[in-house]
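Novice: For reference, the structure I am asking about is given below.
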There are 2 protein chains.
Amino acid sequence: MKAGRALKLWQEICLSQVLDEMPDLSLRQTTILLTIYLEPPPHTVRGLAAKLNVTKPVITRALDTMGALELVNRRRDENDRRNVLIQRTVRGSVYLEKLADLIIDKYGETA
Amino acid sequence: MKAGRALKLWQEICLSQVLDEMPDLSLRQTTILLTIYLEPPPHTVRGLAAKLNVTKPVITRALDTMGALELVNRRRDENDRRNVLIQRTVRGSVYLEKLADLIIDKYGETA
DNA sequence: GCATACTGTTACGCTAGCGAAATTATTGGC
DNA sequence: GCCAATAATTTCGCTAGCGTAACAGTATGC
């Protein structure tokens, strides 16, 4: 892959997201969502904050927003009730499937 | 490219951007920047607003922000002084070169 | 049982983004 | 010359994000 193609790919994916009616997720929100879906559970606020090198309220707020969109679910850890476990949802899976399709599609187009 | 790899690629690129000290550009800002650099000039506020399907103040504000970061430059069109022509900068080129390297790098890693 | 440590959330003051509407500057029709 | 059209910006009220600091709930050591 060459630089021009990489940037063109990136541009088209970003543009598709901007044009999409779904309110844009921020870079941080997207990163959190992908981490929850791609890396093995359990996922906690503290763990995500450490991985992204941001403060815990950033994670709490992102979970509030994405929770309202039903992309993510929160649940108390019954083993240690201080923890909150972050879980996947059907809607979140669908959202990421569509994102994957978009990437693959644009990757093919720029070939 | 399969779905899992596409998402992993996307996650790693997003994470790198989040971890980077440079203040994150929003999806819209990134799209504007890429469009300016990848598509043939001239670029105007109106043209970009139409392409992204957003209002003109969104473009004005994005140019303010990215102008302050010296990623982009504004110049009056001397032919029709109502227009503003948006131009590339050295710093913007460097920024996108680094982005391209990152994409290529992560694409290689996920292979 | 009580102090301490730890987890996630809330409160606070602030900044940046948003769309709609008003405003300024410029052009072109007539 | 003047009026309507056009391009970009500014203003308005609003929402959502940010980090710091304070807070509430839970677990653990002694």
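Novice: Look through segment A:25-52, keep the residues that are open to solvent by 60 Å² or more (accessible area, probe 1.4 Å) and facing another protein chain (nearest Cβ under 9 Å), and return whichever of them is farthest from the chain's Cα centre (by Cα). Spell out how you get there, then give the answer.
Specialist: Pass one, segment A:25-52, residues open to solvent by 60 Å² or more (accessible area, probe 1.4 Å): A:28, A:40-42, A:46, A:50-51.
In the following step, the residues that additionally are facing another protein chain (nearest Cβ under 9 Å) were identified as A:28, A:51.
On the way: A:28: 8, A:51: 14 Å.
Looking at residues that are open to solvent by 60 Å² or more (accessible area, probe 1.4 Å) and facing another protein chain (nearest Cβ under 9 Å), I get A:51.
Novice: Scan segment A:54-75 and tell me whether some residue there is within 10 Å of DNA strand D (Cβ to nearest atom), surrounded by 12 or more Cβ atoms within 10 Å (Cβ to Cβ) and facing chain B (nearest Cβ under 8 Å).
Specialist: Checking segment A:54-75: at least one residue is within 10 Å of DNA strand D (Cβ to nearest atom), surrounded by 12 or more Cβ atoms within 10 Å (Cβ to Cβ) and facing chain B (nearest Cβ under 8 Å).
Novice: Exactly one of these conditions fails for residue A:87: (1) in contact with a Ser or Thr (Cβ under 9 Å, 6 or more places away or on another chain); (2) away from chain B (no Cβ under 14 Å). Give me its number.
Specialist: Of (1) in contact with a Ser or Thr (Cβ under 9 Å, 6 or more places away or on another chain); (2) away from chain B (no Cβ under 14 Å), only one is false for residue A:87: (1).
Novice: A follow-up question, please. Among (1) β-branched (Val, Ile, Thr); (2) outside any helix (DSSP H, G or I); (3) over 30 Å from residue B:95 (Cα atoms), which single condition is residue A:54 missing?
Specialist: All conditions are met except number (3).
Novice: Do we find a residue being charged (D, E, K, R), in contact with a Leu (Cβ under 8 Å, 6 or more places away or on another chain) and either in contact (Cβ under 8 Å) with a residue 12 or more places away in the chain or within 15 Å of DNA strand D (Cβ to nearest atom) (or both) anywhere in segment A:88-96? If you could, list the steps in order and put the result at the bottom.
Specialist: Filtering segment A:88-96 for residues charged (D, E, K, R) gives A:88, A:91.
If we keep only those that are in contact with a Leu (Cβ under 8 Å, 6 or more places away or on another chain) too, we end up with A:91.
Okay, now just the ones that are also either in contact (Cβ under 8 Å) with a residue 12 or more places away in the chain or within 15 Å of DNA strand D (Cβ to nearest atom) (or both), so A:91.
The answer is yes, given that some residue of segment A:88-96 is charged (D, E, K, R), in contact with a Leu (Cβ under 8 Å, 6 or more places away or on another chain) and either in contact (Cβ under 8 Å) with a residue 12 or more places away in the chain or within 15 Å of DNA strand D (Cβ to nearest atom) (or both).
Novice: Would you mind stating whether residue A:103 is touching a residue at least 40 places away in the same chain (Cβ under 8 Å), away from DNA strand D (no atom under 15 Å from the Cβ) and within 9 Å of another protein chain (Cβ to nearest Cβ)?
Specialist: Values: touching a residue at least 40 places away in the same chain (Cβ under 8 Å): yes; away from DNA strand D (no atom under 15 Å from the Cβ): yes; within 9 Å of another protein chain (Cβ to nearest Cβ): yes.
For residue A:103, the condition - touching a residue at least 40 places away in the same chain (Cβ under 8 Å), away from DNA strand D (no atom under 15 Å from the Cβ) and within 9 Å of another protein chain (Cβ to nearest Cβ) - is met.
Novice: Still on this structure, I have one more. Go through segment B:1-49 and give me each residue that's without any contact (Cβ under 8 Å) to a residue 12 or more places away in the chain, among the hydrophobic types (A, V, I, L, M, F, W, C) and in a helix (DSSP H, G or I).
Specialist: Selection gives B:3, B:6, B:7, B:10, B:14, B:15, B:18, B:19, B:27, B:38, B:49.
The values are calculated or read from the model by the stated rules, or taken from the named source; none is laboratory data. What you see is a predicted model, and the numbers here were worked out from it, not measured in a lab. Glycine also receives a Cβ, built like all others from the backbone with ideal geometry; neighbour counts cover every protein chain displayed. The area values use the complete protein model at the heavy-atom level, side chains included, leaving out ligands, DNA and RNA. Shrake-Rupley method; radii C 1.70, N 1.55, O 1.52, S 1.80 Å.
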